Every structure is written in C-alpha cells, then in structure tokens.
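The values are calculated or read from the model by the stated rules, or taken from the named source; none is laboratory data. Model, not experiment: these values are computed from the prediction. No Cβ is skipped: glycine too gets one built from the backbone with ideal geometry, and neighbour counts run over all protein chains shown.
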Amino acid sequence: MTWSESKQEKVLAIVSKHEIRQTRLLQILREVQDEFHCVPKNALEIVAAELGLARTKVEGVVQFYSLLSLEQQGRFHILFSDSITDQFQGSRELMDYLSAKLGVKPGQTRSDGKVSLGFTSCTGLCDQGPAGLVNGHWLSRLNESRIDRIVDLVEREVPVSSWPLEFFHVEDNIQSPGLLLQSPIDQGEALKQLVREGFEEIFMEINRSGLRGRGGAGFETAWKWRFCAEGPEDYSGSSLVDKNERFVVCNADEGEPGTFKDRILLNSYAHQVFEGMTVCAGIVGAKQGFLYLRGEYLRLRPQLEAILANRRAKNFLGKSILGRNGFDFDIEIHMGAGAYVCGEESALIESLEGKRGVPRVRPPYPIDRGYLDQPTVVNNVETFAAVAAIAAYGGAWFATQGTDKSKGSKIISISGDCERPGIYEYDFGISIAEILMDCGAENTLAVQVGGPSGGIISGKEYHRKLAFEDLGTGGSFMIFNKKRDVLEIVRNFTHFFAHESCGFCTPCRVGTTLLKNEVDKICDGHATSLDLVGLSSLAKFIKTASHCGLGQSAANPVLGSLSHFPQAYKDRFKDVVFEPGFDLDESLETARRMSARDDPWAHLEQ
Ligand SMILES: Cc1cc2nc3c(=O)[nH]c(=O)nc-3n(C[C@H](O)[C@H](O)[C@H](O)COP(=O)(O)O)c2cc1C
Ligand code: SF4
C-alpha cells in the first residue's frame, strides 16, 4: 500500500466516523488537521467529494478558521496567546526566547517539519498566563525555565501526551464564589423538579427570576424561550429535519479576550450547565442540543463527553427523560476552530452547520430560524447554569439578589494588574471600586469592562455599578495600573479586531485594518493632531455601518480611550500638521534590492 493510499484511507475513515454529514464538515476538518498537521489538498478533494460539496467551499472553510491551515505546520505547533494581559506579562519576550532557541520565527515552520510557532488570540487563561497552546492543548504559566524544558521535549520529539502534567495544569482559581458557585445543584435536582412541577410552572419560575442572558447582551431568557417555543408564523424551515424540530445551543465560544468564567463552569459545574440545557429543551420542545465549545478548550472535551455519557446512563438525557413520555433530548459537542466571530449567535449557527462563521442577516433571529432554519435557543454557559439553579431553588431565590433591572449575580473573570486574578461572583449592583479592592488592585489607571468590545473606564468612574443598566459585561474585567500605556492597550485591541473581522462587510473588513494602521501610526510617533479627526470619524463610521456586533464594537477601544485618556494621544503627536503613515525610505527597500543599490542617493532623507 503506498503512502498516499494510507493517507486517503485515514481521511475516508474520518469522514465516515462523522456519518458523511455536511454539518460535521468543521469537525471533520479539525480531525484531518490533527492527523496531518494541515489540511492537505488531497484531503480537501476527498472530503468535498464524499460530502457532495464544491472543493472551493471546503477550502473556504479551512481558510476561515485560524486553527486550520492549508500550509504544513510542525509536528509540534506552538501558539502563544497575544491577549494584552499575556503581553504585559512578557509573552512577546518569551516568544523571542523560544524562537531563538528553536531556530524558527513566529508564523513559520522549521525546515525539518518538527516545529512551528505563532500567536493566537486569547486562550482563556489570562489568570494563569503567559499562556499558549501546543497542538491545541493549553500551556499555562510560561516562563524561561519552562520554555527550556519545552525546547528539549520538542527536540527529542517526546509526544505531547507524555509531557509533564504541570505544563497543562489549569486551576479553576475561584477567588470569591457567590450565589451560583456557592450553591451547585445536585445532579438531576432541576430535572426532577421540572418533571414534578411541570414545564409551564418551571417556565414561570424562570420568568419570575428575571434572568437575563449572561453572554453580554442581557436579553430576557424566559422571553427568548417563549418566542422559540411558539415559532415563527410562516413556519417552513429546512427539509433536512422534522418541520416541528427545535434546537438548544449552549454558546461556549468564550472568545472575548479576558473572559474565562465559562472555562470554570465547564470544568467544575458541567452537570449543571447540561441540566440547564435539558430544562430549556423540555420547555421549548427541543430534541437535540449542542455545546459549541471553543477550539482552545479542547482539553475539556474528554471530561465533558464522560459527563454526557454519565447523564445518559442515569436517564437525565436520552429518551423519556425521568420516565416522562415524549421528553427526549440529547447533547452533542461541537468544537470551534479559532474564530472569535463564531461567538455571535448567528455565526455560531453557521459554524454548527459546518460552514464559515459569517454572521447572518437578522431578522430572522435564531429563535425563528436558527440551526437548519428551525427555531433555536442560543444561551451562554452561565445562563444555563443559572437556569438549572432557578429550576431547583425557585425564581424568588434568584430575584431577591441584584438590582431591579439586573437580578441575581454575575461571574466575572479578573485579570491584569491585581494581586489576586481569578474568578469572582458578585450580586449585580456592586461598584467597580469594591471589586478593585477585593482583588487587590492598586494604582489602577483603567479597567476594561467587557473585553475589547466593551468599554474602558478611568478613576473618576469607579463608583459605577456592575449591572446591565450601568456597566454590563459578558464576564471580562481587565485591570491596568498606572505603569501601563493606554495606547498599547488600544493597539492590542485594534489588532485583535482587524485579525478577527470575518471580512463579509466592507466597513468592518477595510475599516478595522485602517483603524489598526492609524493606531500603529500614533503609537509609533508618526501622527499629528490632524490624524485625530480622521481617526474619530473612521471609528464612528465602523461602529454605525458594520453588519454585526463585532464591527459595531471594533472601534470602542479607540472611542473610549479618546474620551477618557485624550492626553495619551496628545503626548504622542508630532509637532507638524502632516506625517505619512509609513516609513517612506523603508518602503523603497525592495526597489533598492532589485536595482542592487544602497548608496546614499538611493535613500530618502526623512
Ligand atoms: C462578536 C461577538 C462574539 C460573541 N461571543 C460570545 C461568546 O463567546 N459567548 C456568548 O455567550 N455570547 C457571545 N456573544 C453574544 C451572542 O451573540 C448571544 O447574544 C449570546 O450567546 C446569547 O446568550 P445569552 O442570552 O444567554 O447571553 C457574542 C456576540 C458577538 C457580536
Ligand atoms: S461586522 Fe465584521 S465580523 Fe461582522 S459581518 Fe461584518 S466583517 Fe464580519
């Protein structure tokens, strides 16, 4: 048997393991990538032919997701998180150190094919950074001595499965548990209550609790479920599924830099999350659920699969759950592959269907036309964990905490300049000043609430409250002390958005790159006050003209910092009216090389 035949068979085996389903395309490609350290051309053709898809469509999917690659990567593929908190902890310097030791640059594969290096967006380990991934598995608390050991393991080609366990060790790091984290439900408790009290009664409890979505936007959970259960008036849907099918999706994409609270819920409270999904399924009438797990959380997958198996064995999933006729529901885990935009619910649904994660035109919303065009509930991990607790303990238990408009508690992930980064849960209504004191933050210059897509606040606003009606957040809380440079933070965030823009609409695709270039120009000291006019109108244009939430929030770091820290910009401006956005002399380098000249006349005076 030739090498390529065996290769073909491997690809065919992966496709048939996924029952030759088009909706499994992304899962298939992930496995192909793991097998070959890239998605080879031959594999693309086989997958396309087997699934009945155009080759270009399959290639387009590979190109969309950053954890997939058409180019050959190393047998050890090491990525460092480029989140700003990792950067401030020295991740760039550590990458230089690793790169020098291994003799390969970030973005490249070494000529012997052994190792490749690169940067990736936040890996969800900001409390235990600098962090990274090796062949998709977390690497925490990187430092020079750990890197020396990694270099040795790579050079000796020790399989990642035999690397020291402490390299991958990730703690929950719960610093201050509150309403939810302190009172986990017993397995099955919420479902027993659901079957005992009835679906309508538990729905009323969720409604009474005032629960609003924990993913960021804060939509009322009970209303979302009600709309989904009712379905749209013109109910057509996809021919691939039953006309009355509904779906429940748990959004565990957690890609917002600085957010890692879902990591803890999935690691230690997964039963409760799955139970919340099952309660939802009972109420809206869904038979199938999906946990969309971000690609960077691969390490959690085996234990999550084990918990699902355990729940099936106990009839908390499967047919006639807890003996109730017609209450059938199961959950499938679907891995993401490194695309922040897939956290947006309609992009997530596209990705679940095996496509590029391009956000849909809305309306119709997923509650009307979601997965395979059927009514679909998409909720955050924390929302489902709260649902299970409310079903078990009642709506009043939850609603008595928090504020009028923001009931209950919020779990936040604190990272950056404080003594005790980690997980904190507070009743809504707590002030930013109290949170800063609690986690041991001193000399705080600014707090980024809600990640790069959220907002930056400065000292005069620390009296503000954590609440949907004041400062809402999906869970990211990054602290920066007075030694930090606000513009470096803005630069990191604008690079993040330019990298993560899906490219579907022009204002975001072009706008985020222009914004990035402008911020680079300012940070590099090439800007003048004239640039500010263009910068703020560009920022406003991206915000208003972009198609989805990513583009609409991509300019927030610029707009927020301009209004809170204008001096940081002024300090960087040159004293002239116009300065080119690039180095003219450097841009002539290619021409000089082509004409083999490097004399003084071939250079421009700057
Ligand atoms: C670019 C972008 C990324 C998002 N990422 C996430 C995410 O990682 N997790 C999440 O729950 N919601 C995320 N959302 C919000 C979802 O679109 C959706 O509102 C949420 O999953 C609904 O759940 P909830 O009602 O329980 O909050 C994101 C939105 C945008 C625009
Ligand atoms: S706003 Fe950006 S991420 Fe959203 S659809 Fe447009 S290009 Fe894609």
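Sort through Ser66, Ser83, Ser99 and tell me the only one that's within 30 Å of Val447 (Cα to Cα) and surrounded by fewer than 20 Cβ atoms within 10 Å (Cβ to Cβ). Even if it seems obvious, please write down each step before you answer.
Details: Ser83 fails: surrounded by fewer than 20 Cβ atoms within 10 Å (Cβ to Cβ); Ser99 fails: within 30 Å of Val447 (Cα to Cα).
Result of the check over Ser66, Ser83, Ser99: Ser66.
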Original post:
Would you call Tyr426 in contact (Cβ under 8 Å) with a residue 60 or more places away in the chain, among the aromatic types (Phe, Trp, Tyr), under 29 Å from Phe480 (Cβ atoms) and surrounded by fewer than 24 Cβ atoms within 10 Å (Cβ to Cβ)?
Top reply: yes
Original post:
Considering only residues of segment 388-408 that are touching a Leu at 6+ places or on another chain (Cβ under 7 Å) and part of a helix (DSSP H, G or I), which is surrounded by the fewest Cβ atoms within 10 Å (Cβ to Cβ)?
Top reply: Phe398
Original post:
When the residues of segment 461-514 are filtered to those that are assigned to a loop (DSSP other than H, G, I, E, B) and within 13 Å of ligand 2 (Cβ to nearest atom), which remaining residue is nearest to Arg356 (Cα to Cα)?
Top reply: Cys502
Original post:
Which members of segment 338-366 meet the condition of being surrounded by fewer than 20 Cβ atoms within 10 Å (Cβ to Cβ), within 14 Å of ligand 2 (Cβ to nearest atom) and over 18 Å from Thr23 (Cβ atoms)?
Top reply: Val361, Arg362
Original post:
What are the residue pairs meeting all of these: first residue in segment 5-33, first residue acidic (Asp, Glu), second residue part of a helix (DSSP H, G or I), Cβ atoms under 6 Å, and 6 or more apart or on different chains?
Top reply: Glu31/Ile14
Subject >> Subset of segment 336-386 (residues that are more than 8 Å from ligand 1 (Cβ to nearest atom), part of a helix (DSSP H, G or I) and of a type in the set (Phe, Trp, Tyr)) >> reply: Tyr371
**OP:** Of all residues in segment 526-568, count the ones that are in contact (Cβ under 8 Å) with a residue 24 or more places away in the chain, closer than 22 Å to Leu445 by Cα and either among the acidic types (Asp, Glu) or more than 16 Å from ligand 1 (Cβ to nearest atom) (or both).
**Re:** 7
**OP:** Looking at (1) modelled with pLDDT of 95 or more; (2) in contact with a strand residue (DSSP E or B) (Cβ under 9 Å, 6 or more places away or on another chain), find the lone condition where Glu245 falls short.
**Re:** (1)
**OP:** Identify the residue in segment 427-458 that is in a strand (DSSP E or B) and among the small types (Gly, Ala, Ser) and, among all such residues, is farthest from Asp404 (Cα to Cα).
**Re:** Ala446
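For Arg464, state whether it is in contact with a Ser or Thr (Cβ under 8 Å, 6 or more places away or on another chain) and over 30 Å from Asp585 (Cα atoms).
Values: in contact with a Ser or Thr (Cβ under 8 Å, 6 or more places away or on another chain): yes; over 30 Å from Asp585 (Cα atoms): yes.
Here the answer is yes, as Arg464 does meet what is asked.
Here is a yes/no grid of residues against (1) in contact with a strand residue (DSSP E or B) (Cβ under 7 Å, 6 or more places away or on another chain); (2) buried (at least 19 other Cβ atoms within 10 Å of the Cβ); (3) of a type in the set (D, E, K, R):
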site: Lys17; (1), (2), (3): no, no, yes
site: Leu26; (1), (2), (3): no, yes, no
site: His37; (1), (2), (3): yes, yes, no
site: Ala49; (1), (2), (3): no, no, no
**OP:** Within segment 61-98, track down each residue that is over 21 Å from the mean Cα position of the chain (by Cα) and among the hydrophobic types (A, V, I, L, M, F, W, C).
**Re:** Leu70, Phe76, Leu94, Met95, Leu98
Subject >> Unique residue being touching a residue at least 12 places away in the same chain (Cβ under 8 Å), touching a helix residue (DSSP H, G or I) at 6+ places or on another chain (Cβ under 6 Å) and acidic (Asp, Glu) when the list is Asp253, Asp330 >> reply: Asp253
**OP:** Name, by its number, the condition in (1) within 16 Å of ligand 1 (Cβ to nearest atom); (2) part of a strand (DSSP E or B); (3) hydroxyl-bearing (Ser, Thr, Tyr) that does not hold for Tyr424.
**Re:** (1)
Original post:
Do we find a residue being touching a residue at least 40 places away in the same chain (Cβ under 8 Å) and in contact with an Asp or Glu (Cβ under 8 Å, 6 or more places away or on another chain) anywhere in segment 192-203?
Top reply: no
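Given the residues Asn267, Asn310, which is the only one that is over 22 Å from Arg24 (Cβ atoms) and either free of Cβ contacts under 8 Å to residues at least 40 places away in the same chain or within 16 Å of ligand 2 (Cβ to nearest atom) (or both)?
Details: Asn267 fails: either free of Cβ contacts under 8 Å to residues at least 40 places away in the same chain or within 16 Å of ligand 2 (Cβ to nearest atom) (or both).
Criteria check complete, one pass: Asn310.
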Subject >> Restricting segment 169-218 to residues that are within 20 Å of Ile435 (Cβ to Cβ) and among the hydrophobic types (A, V, I, L, M, F, W, C), the residue that is surrounded by the most Cβ atoms within 10 Å (Cβ to Cβ) >> reply: Leu180
